[in-house]
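Data block below; observations after.
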Amino acid sequence: MLQTDPRQTEFIDFYLPFGGKLTAKNRWVKLASLVPWNEVEQCYAGSLAGTGMGAPAMSGRVAFGSLIIKERLGITDEETVEQIVENPYLQYFLGLHEYREKPLFDPSMMVHFRSRFGKKDHRRINERIIELATQEESKRAEDDGKDEDDTPPPNEGKLLVDATCTPADITYPTDLKLLGEAREKTELYIDRLHVPDIGKKKKPRTYRRKARAQYLAVAKQKKPGHKKIRKAIGQQLRYIKRNLGHIGKMLENGASLDALSKYELGCLQVIHELHRQQSIMHEERTHSIADRIVSISQPHVRPIVRGKSGKKVEFGAKISISHLKGGYVVLDTLSWDAYNEGGELITQIESYKERFGHYPASVHADTIYRTRENRKYCKEHNIRLSGKALGRPKKQTPENKKQLKAERKQTRQDELDRIPVEGKFGNAKRKGTLDRIMAKLAHTSESVIHVGIIVLNLDKWLRDVVLWLLGWCFRWWKNIVGQATESVYNHLNLKSTRYQLVNLTG
């Protein structure tokens with residue numbers, strides 16, 4: 001049976017059958033002491049059924065630790081399992097006391113690990129990490145001789161906010177491609193439903209060869225015209241309508257839905273909705289509709305208009321984060337529907353006050369956050385909102401030349417102060433896995449996003465610990481060298497004094 005210890009937070013002897021020992025300087029050993037495993041175990045235990053039947057569940061440390069390893073290394077589920085087998089430091093990170101040559105679990109278990117941690121669990125763990133890191137930072141400041149006033153100032157600190165899209169792993173969803181995929185699936189479902197009636201009834205005609213030829217005639221063209229695309233979409237809609245009608249009649253005549261899997265039944269419902277949406281857009285000659293489906297296998301994914309060069313539209317979940325003082329990040333909003341992130345600013349500021357006991361001195365945000373309502377709120381609470389003031393730019397005169405120069409300098413500095421929050425997105429997407437969410441279900445994709453934010457904070461905390469240790473070593477060495485230098489100087493000064501005395505009395 002797998003033996004793990006969720007309370008193992010300090011470096012201990014780890015048995016290696018091939019000899020040698022682990023070093024306490026390894027990053028995974030240090031990271032293991034930072035994760036609040038007790039909090040993880042409490043969240044994990046609440047998601048278990050507790051019936052006492054079946055195989056014993058993996059520990060919360062193994063489950064959540066595996067998710068951290070996957071996100072921190074930016075690898076797949078299969079590669080995560082292989083890395084754990086090959087690396088004893090990763091096994092120590094998961095709470096094992098000795099090296100294990102066999103895989104701890106099957107890669108498919110990673111899906112269950114994501115499912116067992118909900119939004120509230122991830123937020124609770126992340127808040128605990130930030131709390132512990134902040135307490136440790138305050139303690140280090142006291143050890144370094146920095147006095148801190150317990151009375152918080154009226155406004156202090158900088159709040160950095162921004163939003164981005166975490167793209168899902170789907171192909172670019174053109175209308176014609178979606179309809180072509182839907183038509184092929186309906187043809188497959190007709191074949192499945194007709195299996196019990198082979199030799200008894202005639203299978204409904206689907207004209208699949210003709211339909212596919214018409215689809216490929218346009219899909220293979222490099223730049224088909226608008227009229228050709230519209231004509232092809234109309235053709236595919238009619239084929240899908242015919243196939244859905246056949247499926248309905250087959251069910252009325254006694255065909256059983258047991259012939260279709262649970263996944264296929266879900267896809268069939270999505271195809272009905274997709275056909276309805278595409279029919280409305282085709283008739284009204286529009287390209288937008290509420291809750292537009294862009295993937296049959298992932299119907300929760302929505303188009304997010306970003307307006308950036310090269311990626312005007314992205315398909316995935318939209319998230320808003322707050323970059324707090326100390327460099328830690330909080331995930332404020334996660335939604336599959338497009339929303340205006342400017343409406344989240346007041347909530348983010350109030351969360352900042354609830355966490356630190358005071359409002360931030362300044363808020364650094366993009367242009368979309370600078371609405372009249374947000375400006376009014378910040379002015380009422382004496383918070384400086386970054387960016388230019390509303391209205392026409394002031395005309396420069398000899399009297400206001402210095403003032404305008406200072407305002408331009410402040411605006412430039414505000415743009416530079418926003419770099420860290422953009423850097424967090426870069427780290428999460430380039431170093432982590434948030435640039436392409438490989439999970440297919442909505443709740444497992446949300447789990448990947450939450451773990452990505454938690455890993456950002458753990459990395460920040462780990463860097464702070466390492467830098468503080470280096471600084472402490474430097475100060476210690478400086479004191480030793482300083483004391484030795486002073487001792488040598490005093491010794492030389494004493495010898496010089498004795499030499500002078502001998503000359504005077506000689």
#### Entry: Dipole-positive endmost among 259, 155, 42 within the chain (Cβ charges, Cα centre)
259
### Task
Compute the acute angle (0 to 90°) between the alpha-carbon long axis of helix 442-505 and the principal axis of greatest extent of the alpha-carbon atoms of the chain; round to the nearest 10°.
10 degrees
### Message
Can you list residues from other chains, or at least 5 along the same chain, whose modelled amide H is less than 5 Å from the amide H of residue 306?
### Response
313, 314
### Query
Which whole-number percentage describes the relative contact order of the chain, with Cα contacts under 8 Å and a sequence gap of 6 or more?
20 percent
### Query
Antiparallel as a % of all DSSP beta bridges within the chain, to the nearest 5?
70 percent
### 222 nm mean residue ellipticity, helices alone, for the chain (DSSP H n ≥ 4; -39,500 (n - 2.57); rounded to 500)
-18000 deg cm²/dmol
### Query
Considering amide H positions built from the backbone, and no H for Pro or chain starts, which residues 5 or more places from residue 384, or on another chain, come under 5 Å of its amide H?
362, 363
### Query
Under a point-charge model restricted to the Cβ atoms of Lys and Arg (+1) and Asp and Glu (-1), what is the dipole moment magnitude of the chain relative to its Cα centre, in debye to the nearest 20?
3580 debye
### Task
Return the sequence-ordered ³J(HN,Hα) values of region 28-37 in whole Hz as given by the Karplus equation 6.51 cos²θ - 1.76 cosθ + 1.60 applied to θ = phi - 60°, using x for Gly and Pro.
6, 5, 5, 5, 4, 7, 9, 6, x, 5
### Task
Give the angle, between 0 and 90 degrees and rounded to the nearest 10, that separates the Cα long axis of helix 226-252 from the longest principal axis of the Cα atoms of the chain.
70 degrees
## Note on the structure
About its Cα centre, region 120-269 carries a charge dipole, from +1 on Lys and Arg Cβ atoms and -1 on Asp and Glu Cβ atoms, whose size in debye to the nearest 20 is 3300 debye
### Query
From the cross-link list 311/388; 325/424; 388/409; 21/460; 177/262, which pairs have alpha carbons spaced over 21 Å apart?
311/388; 21/460; 177/262
### Query
Which whole-Hz ³J(HN,Hα) couplings does region 427-438 yield from phi under the Karplus relation 6.51 cos²θ - 1.76 cosθ + 1.60, θ = phi - 60°, glycine and proline marked x?
5, 5, 8, 7, 7, x, 10, 6, 6, 8, 7, 7
### Message
Amide H of residue 260 versus every other amide H placed in the peptide plane: which residues, excluding those fewer than 5 positions away on the same chain, fall under 5 Å?
### Response
none
### Query
Treating the beta-carbon of each Lys and Arg as +1 and of each Asp and Glu as -1, no other charges, what is the dipole magnitude of region 305-434 about its Cα centre, to the nearest 20 debye?
820 debye
## Note on the structure
So, with points 7 Å from each Cα along the Cβ direction, the residue 75-residue 338 label distance in nm works out to 3.8 nm
### Query
Helix 175-194 versus the longest principal axis of the chain: what angle, 0 to 90°, nearest 10, using Cα atoms?
60 degrees
### Accessible area (Å², per residue) of the chain, counting only protein heavy atoms and a probe of 1.4 Å
59 Å²
#### Entry: Positive-pole candidate from 64, 170, 97, dipole of the chain, charges at beta carbon
170
### Among [x] 150; [y] 302; [z] 261, the entry derived from the coordinates for volume of the Cα convex hull per residue in Å³
[y]
### Carbon plus sulfur fraction of accessible area for region 375-473, probe 1.4 Å, in percent
58 percent
### Summary
HN-Hα couplings for region 269-279 via Karplus (6.51, -1.76, 1.60; θ = phi - 60°), in whole Hz with x for Gly/Pro, come out as 5, 5, 5, 4, 5, 4, 4, 5, 5, 5, 5
### Message
Quick check: Cα centre of region 379-424 to Cα centre of region 261-289, how many Å?
### Response
47 Å
### Task
Highest first, please rank the peptides 61-67, 429-435 by the mean number of other Cβ atoms sitting within 10 Å of their residues.
61-67, 429-435
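The values are calculated or read from the model by the stated rules, or taken from the named source; none is laboratory data. Small disclaimer: the values here were computed from a predicted structure and weren't measured. Note that we place each Cβ from the backbone using ideal geometry, even for glycine, and neighbour counts take in every protein chain shown. Protein only, heavy atoms only, side chains kept; ligands, DNA and RNA dropped before computing areas. Shrake-Rupley method; radii C 1.70, N 1.55, O 1.52, S 1.80 Å.
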